[in-house]
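Asks: Got a structure for you, written out below as structure tokens; questions coming shortly.
Laboratory data are not the source of any read-out in this text; all were calculated from the coordinates shown. Quantities reported herein were computed from a predicted structural model and do not represent experimental measurements. Here the Cβ positions follow ideal geometry from the backbone for every residue, glycine too, while neighbour counts run over all protein chains shown.
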Amino acid sequence: MKLQKLLFIFIILFNCKSQPEIGLITEKAMVVSARKEASKIGSEILKKGGNAFDAMAATELALAVAYPYAGNLGGGGFMVYRKNDGEIGALDYREKAPLSSTKDMFLDSLGNVIKGKSTLGAMAVGVPGTIAGVFESHKRFGSLPIEEILQPVIELAKKGVIVTDKQQKRLEKHTPNFRKANKKTILLDNNWKKGDTIKYLSLAETLTRIQKNGRDEFYKGETAKVLAKFLQDNGGIITEEDLAKYEAKWRTPVVFNYDDLKIISMAPPSSGGVCLSQIMNGIETFNLEQYEHNSTKYIQIITEAERRAYADRSYYLGDPDFVSIPLKELTSKEYSQERMKNFSFENPTSSNSISHGSIDFVESNETTHYSIVDQFGNAVSVTTTINGAYGSKLYCPELGFFLNNEMDDFSSKPGTPNMFGLIGAEANKIEPEKRMLSSMTPTIVEKNGKLFMVVGTPGGSTIITSVLQTILNVHEFDMGMQEAVNKPRFHHQWLPDDIKMEPNGFDTKVKKQLQALGYKLDETNSPVIGKVDAILVLPNGKLEGGADHRGDDTAIGF
Ligand code: DON
């Protein structure tokens with residue numbers, strides 16, 4: 001009888017569509033990433049005695065193999081870290097505009113944006129930063145030899161990776177664009193089905209050369225020569241000089257307090273930390289815990305703070321090496337609280353009516369984020385990207401990887417939205433060697449001076465607001481990590497003036513109330529908002545992973 005009952009419960013649980021609300025719990029260490037193969041390799045590096053920075057190198061490159069949709073050698077990213085002694089910092093390995101790029105390179109003779117030029121093919125490619133980032137982080141903080149770290153990644157590429165259901169669907173969707181961007185059929189254009197194994201043999205060779213010759217193999221060696229020639233043969237402008245000049249840069253993270261939390265997030269050239277601080281400063285005095293989660297008033301407060309922050313993003317933010325950003329003013333509590341003073345629950349503010357085009361929000365999760373806590377208490381939070389799904393769709397067969405289309409993150413023309421509907425201005429115009437503005441928001445949260453959470457996500461412009469809601473879900477509503485990640489999310493970015501809502505995730509009454517107040521809702525064409533991978537330190541010191549069920553994301557640790 002007892003057995004029957006257990007069986008019954010098991011069947012119910014097995015058939016139940018809802019996602020588990022408690023994530024993996026481990027004693028000491030954890031890696032949460034978009035693919036189990038990458039989390040496993042990262043976690044095994046930790047088990048061998050490596051630290052979070054060793055695991056960063058392993059996970060980043062394993063994602064380039066196992067998750068070519070966004071994991072990359074041909075893109076860039078940002079890392080925020082917190083060491084076990086409390087030291088914090090940030091590494092910027094964002095792509096750069098090529099030396100011969102110009103402000104108007106994506107405009108026609110009439111000054112209009114040429115559709116597709118900044119998103120598809122070789123002109124869309126920014127100078128990749130990933131290998132520089134991995135080696136820079138490892139040089140400063142790594143403990144295991146890089147050869148040892150790369151070995152399991154190379155083995156994975158040779159052995160191959162099994163196609164998942166979600167991957168099959170993505171490949172089917174993007175194959176027409178692979179054909180548009182590439183002269184020859186590429187490895188991923190082979191009608192791959194769920195359960196097939198794809199071997200990444202050219203990538204394994206590239207990684208083996210990097211393993212042997214180090215960072216300069218990518219920027220000055222054979223790989224650099226092949227890459228520059230390949231891009232130019234395909235109509236691009238990146239030269240060997242561009243690659244040779246690339247450097248990753250250490251940045252000072254954006255740090256601010258929210259209640260008893262200390263938030264450490266990415267500085268420009270990402271808008272992530274600045275925008276997150278503006279939103280959180282704007283909402284802090286509203287004492288959100290008094291409202292029900294995702295209720296009308298809760299959504300209103302957050303929407304209004306987001307609207308104001310994103311309007312500033314557009315105007316003020318760009319590469320700090322090129323433009324001066326009033327960082328202190330933008331991130332001050334007084335500034336954002338003052339900006340919220342004209343908000344009332346009865347009358348939504350209207351974003352002013354700058355025209356905006358229709359936005360293709362369909363490609364929604366092409367960046368990737370991973371969170372790591374090691375057995376020594378060090379934490380890293382990394383978001384890495386080739387921008388769109390499979391980047392520019394341009395794949396270098398000899399080297400075995402896709403190239404980014406990050407040039408689209410610049411403002412091609414003031415007032416014209418990019419693929420995320422973000423409207424840029426002068427501060428983010430294209431200039432040689434400049435880094436394009438990003439929304440990536442790798443973040444670490446401290447509570448009472450101790451590590452509390454490691455969090456981040458892909459999602460283009462929705463990254464900042466997904467990170468925000470994940471932190472609020474835990475802090476204001478006492479959710480665990482997995483539960484916080486599971487909850488439906490919404491997003492407002494000033495323009496277009498609507499609230500994007502995850503389909504079927506919100507209460508009908510709440511939606512009606514918001515509409516009656518004058519808010520426009522966009523559920524029909526909304527993306528799944530973000531794919532958050534996060535780690536929470538529980539009160540007993542154990543770790544809980546939050547791996548987003550919206551993808552194949554997995555937490556692994558010990
Ligand atoms: O840096 C950025 O903000 C974008 N390139 C991120 C792109 C992204 O998250 C794609 N996924 N939706």
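Asks: Go through segment 239-250 residue by residue and turn each phi into a ³J(HN,Hα) via Karplus (6.51, -1.76, 1.60, θ = phi - 60°); whole Hz please, and just put x for glycine and proline.
Replies: 10, 4, 5, 4, 5, 4, 7, 5, 9, 6, 10, 7
Asks: If you don't mind, there's one more thing I want to ask. Hey, can you grab everything whose amide H is under 5 Å from the amide H of VAL254? Only 5+ residues off in sequence or another chain; H modelled, so Pro and N-termini drop out.
Replies: Placed amide hydrogens put SER265, MET266, ALA267 under 5 Å from VAL254.
Asks: Which order do TYR93, TYR316 fall in if you start with the one that has the fewest other Cβ atoms within 10 Å?
Replies: Ordered by Cβ neighbours within 10 Å, fewest first: TYR316, TYR93.
Asks: Take the Cα coordinates of segment 45-160, assign each an equal point scatterer, and use the Debye formula without solvent to give log10 I(q)/I(0) at q = 0.16 Å⁻¹.
Replies: -0.82
Asks: Further, regarding this structure: How far, in nm, would the chain grow between GLN337 and LEU538 when pulled straight, counting 0.36 nm per residue and subtracting the alpha carbon separation?
Replies: Separation in residues times 0.36 nm, less the Cα-Cα distance, equals 69.2 nm.
Asks: What's the center-to-center distance, using Cα atoms, between segment 472-518 and segment 431-470 in Å?
Replies: 18 Å
Asks: Place the peptides 390-396, 81-87, 427-433, 547-553 in order of packing, highest mean first, counting for every residue the other Cβ atoms within 10 Å and averaging per peptide.
Replies: So the order, starting with the most tightly packed, is 390-396, 547-553, 427-433, 81-87.
Asks: Give me the compactness ratio for segment 87-136, meaning the Cα radius of gyration over 2.2 N^0.38 Å.
Replies: The reported ratio for this selection is 1.54.
Asks: In addition: With viscosity set to 1.567 mPa s and temperature to 4 °C, compute the Stokes-Einstein D of segment 266-344, Rh being the Kirkwood radius across alpha carbon pairs; µm²/s, no decimals.
Replies: 99 µm²/s
Asks: Let me spell out the model: positive unit charges on the Cβ of Lys and Arg, negative unit charges on the Cβ of Asp and Glu, origin at the Cα centre of the chain. What dipole size does that give, in debye rounded to 20?
Replies: Charge dipole of the chain: 1100 debye, to the nearest 20.
Asks: Report the charge-dipole magnitude of segment 247-301 in Debye, nearest 20, computed about the Cα centre from +1 at each Lys and Arg Cβ and -1 at each Asp and Glu Cβ.
Replies: For this selection, approximately 260 debye.
Asks: Give me the percent relative contact order of segment 152-231, please, defined on Cα pairs under 8 angstrom at least 6 residues apart.
Replies: Averaging sequence separation for qualifying contacts and normalising by length gives 37 percent for segment 152-231.
Asks: Separate question: Please compare each pair in LYS96/LYS158; LYS47/LYS83; LYS262/LYS328 to a cut-off of 23 Å on the Cα-Cα distance and tell me which ones are over it.
Replies: Check vs 23 Å cut-off fails for LYS96/LYS158.
Asks: Subtracting the Cα-Cα distance from 0.36 nm times the residue separation, let me have the gained length for LYS512 to LYS193 in nm, one decimal.
Replies: That pair, LYS512 and LYS193, stretches by 110.7 nm at full extension.
Asks: By a straight-distance test (C-alpha under 17 Å), which lysines pair with LYS103 as possible cross-link partners, with residues fewer than eight away in the same chain excluded?
Replies: Candidates past the 8-residue exclusion: LYS115, LYS117, LYS413, LYS429, LYS434.
Asks: Using the Kirkwood radius over C-alpha pairs as Rh, can you work out the diffusion coefficient of segment 105-238 via Stokes-Einstein at 4 °C, viscosity 1.567 mPa s, in µm² per second?
Replies: 74 µm²/s
Asks: Compute the semi-axes of the equivalent ellipsoid of segment 373-469, taking the square root of 5 times each eigenvalue of the Cα gyration tensor, and list them largest first in whole Å.
Replies: Those come to 29, 20, 12 Å.
Asks: Let me see the pair-distance distribution of segment 206-279: every alpha carbon pair, 10 Å bin width, integer percents in order.
Replies: 18, 28, 21, 22, 11, 1
Asks: For segment 65-107 and segment 175-208, write down the distance between their C-alpha centroids in whole Å.
Replies: If we compute the Cα centre of each part, the gap is 23 Å.
Asks: On to the next question. How large are Rg and Dmax for the chain when calculated on the C-alpha trace, in angstrom?
Replies: 22.3, 80
Asks: For LYS333, give me every one of the aspartates and glutamates with a C-alpha distance below 18 angstrom, ignoring sequence neighbours fewer than eight places off in its own chain.
Replies: ASP259, ASP260, GLU284, GLU304, GLU306, ASP312
Asks: Now a separate question. If Lys and Arg each add +1 and Asp and Glu each add -1, what is the summed charge of the other residues whose beta carbon sits under 12 Å from the beta carbon of GLU544?
Replies: Around GLU544, the charge tally is -2.
Asks: How big is the convex hull of the Cα atoms of segment 438-558, per residue, in Å³?
Replies: Hull volume over Cα atoms, normalised by residue count, gives 124 Å³.
Asks: In sequence order, what are the phi-derived ³J(HN,Hα) couplings for segment 133-143 according to the Karplus relation 6.51 cos²θ - 1.76 cosθ + 1.60 with θ = phi - 60°, rounded to whole Hz, with x for glycine and proline?
Replies: After applying 6.51 cos²θ - 1.76 cosθ + 1.60, I find x, 4, 6, 5, 5, 5, 4, 7, 10, x, 10 Hz.
Asks: How large is the helix-only mean residue ellipticity at 222 nm for the chain, computed as the sum of -39500 (n - 2.57) over DSSP H runs with n ≥ 4, divided by its residue count, in deg cm²/dmol to the nearest 500?
Replies: The helix contribution divided over the chain gives -10500 deg cm²/dmol.
Asks: Expected output is a single nm value to one decimal: the length gained when fully extending between ASN448 and TRP250, i.e. 0.36 nm times separation in residues minus the C-alpha distance. What is it?
Replies: In short, 68.7 nm is gained.
Asks: With +1 on each Lys and Arg Cβ and -1 on each Asp and Glu Cβ, how big is the dipole of segment 6-161 about its Cα centre, in debye rounded to the nearest 20?
Replies: Its charge dipole is roughly 260 debye.
Asks: Let me ask something else about it. Normalised by the number of residues in the chain, what is the relative contact order in percent for Cα pairs under 8 Å and 6+ residues apart?
Replies: The normalised contact order for the chain reaches 25 percent.
Asks: Let me ask something additional. Say the dipole of the chain comes from +1 at the beta carbon of Lys and Arg and -1 at that of Asp and Glu; which of VAL532, VAL274, HIS174 then lies farthest toward its positive end?
Replies: HIS174
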